[in-house]
Ligand SMILES: Nc1ncnc2c1ncn2[C@@H]1O[C@H](COP(=O)(O)OP(=O)(O)O)[C@@H](O)[C@H]1O
Ligand SMILES: [Mg+2]
C-alpha cells in the first residue's frame, strides 16, 4: 500500500493551528473570559489586540466555531482580512449583504464577522463600520483583530469587550516548536539542539508564527541534518555569528569608519532585525556602565523612527555611533 501524506505541503502554521481553547498557550486571562461567553452561547462584540503570532486569529476561529454550529458555520460566519480589502465600498457591500441575508436561525440566532487586521482600516471606513455594528448588534457580533488598538476609533472600542493577547515566553515558544518537531518526527542533532531552539526563538522575536515558519523553512532547505545555525540566521535576514562578532569588535575598537563600511556592505540585511540583534548582544559591547540604560532606551526610539519612515541604515549607523561614544 502506498502511504501518501497529504499534509506534506501544508504550511505548519495551518496544520498546527490550535483548534481548541486548551491548545492556546499563554493567554490564560483572555481564554478564561472567552470560555464563559462560549459556555453561555452568547458574546459581545470583541477586540483581540496584541503582537503578531500570539493566537488572535486562532482564538477568534475557535470562538466562532464554538458558538455557531457546524452546518451553519459557512453561512453565518464571515472571515475578512482588512489588509487587502480596506475600501469603503468593499466593507459596505460584503458586510452589508452578509448582515442583511436572511438568517437560518440557530438556537442563538447569531452571525459572526471576524475582521482580521482591523487596524489597517482607514478611520472613515471605521465610521461606516461603526454604524453597521450599531444597527445590527442584536444578531451580528464582530470580532476585530489588531496589533495596535490605538488605531481603532473610540466609538468602536467602547462597544467592544477588549482582550489583550500577550507575547509568548521563550519557554512556551520552544515548547510548541518541540511539539511540532516530535509530530513531524524530525531529528535535531542533540549537540546543537538547545542552540537550535534558542536561535529559532531569537529569529521569531516571540512571534510563534514566525518561529514555526522558520522551522519549516529549515526543514525544506535541508538545514536540519547538518545543522548550520549561521545559515539559518542568514536566510532569516540576520547576521551570522562571525559577522556579528566582527561588528562588535569593530565598534569596541571605536573604529567608526570600518563599522560604517561593514554596515554599508550588508546587502540584504533588514535593519530592524540587525537592531534587535545588536540589542540582544548589547552586553558584548564595551559600554560604560553609566550609559547602559540610556542606550537601551534608544532602541525603542529607533525602531519607532524606522516604522515612521526614517532611513534605516542611517538610524543604524547613528546607533553604532552612540554606542561608540559611550564605550570605554
Ligand atoms: N497562544 C498560542 N497558542 C498556541 N499556538 C499559537 C499561539 N499563538 C500563535 N500560535 C501558532 O502560531 C500560528 C499563528 O497564530 P495566529 O492565531 O494566526 O496568531 P495572530 O493572529 O495573533 O497573529 C498558529 O498557527 C499557531 O500554530
Ligand atoms: Mg492573525
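Of note:
- Residue 139 vs. criteria assigned by TED's automatic domain parsing to the domain that holds residue 37, surrounded by fewer than 20 Cβ atoms within 10 Å (Cβ to Cβ) and more than 16 Å from ligand 2 (Cβ to nearest atom): yes
- Residue 81 meets the conditions (1) crowded, with 22+ Cβ neighbours inside 10 Å; (2) within 12 Å of ligand 1 (Cβ to nearest atom); (3) closer than 24 Å to residue 135 by Cβ in every case but one. The failed one is (1).
- Residues in segment 143-168 that are more than 16 Å from ligand 1 (Cβ to nearest atom) and part of a strand (DSSP E or B): 160, 161.
- When residues of segment 171-197 are limited to those that are more than 23 Å from residue 24 (Cβ to Cβ) and in contact (Cβ under 8 Å) with a residue 24 or more places away in the chain, the one surrounded by the most Cβ atoms within 10 Å (Cβ to Cβ): 196
- Filter result for residue 59 (outside any helix (DSSP H, G or I), near ligand 1 (Cβ under 10 Å from one of its atoms) and more than 18 Å from residue 139 (Cβ to Cβ)): no
- Within segment 11-29, the residues that satisfy the criterion of being more than 7 Å from ligand 1 (Cβ to nearest atom) and in contact with a helix residue (DSSP H, G or I) (Cβ under 6 Å, 6 or more places away or on another chain) are 12, 21.
- Answer residue from segment 14-28, given it is exposed (fewer than 14 other Cβ atoms within 10 Å of the Cβ) and assigned to a loop (DSSP other than H, G, I, E, B) and is nearest to ligand 2 (Cβ to nearest atom) among those: 19
The values are calculated or read from the model by the stated rules, or taken from the named source; none is laboratory data. Quick caveat: nothing in here was measured; it's all calculated off a predicted structure. Cβ coordinates were reconstructed from backbone atoms using ideal geometry, including for glycine residues, and neighbour counts include every protein chain displayed.
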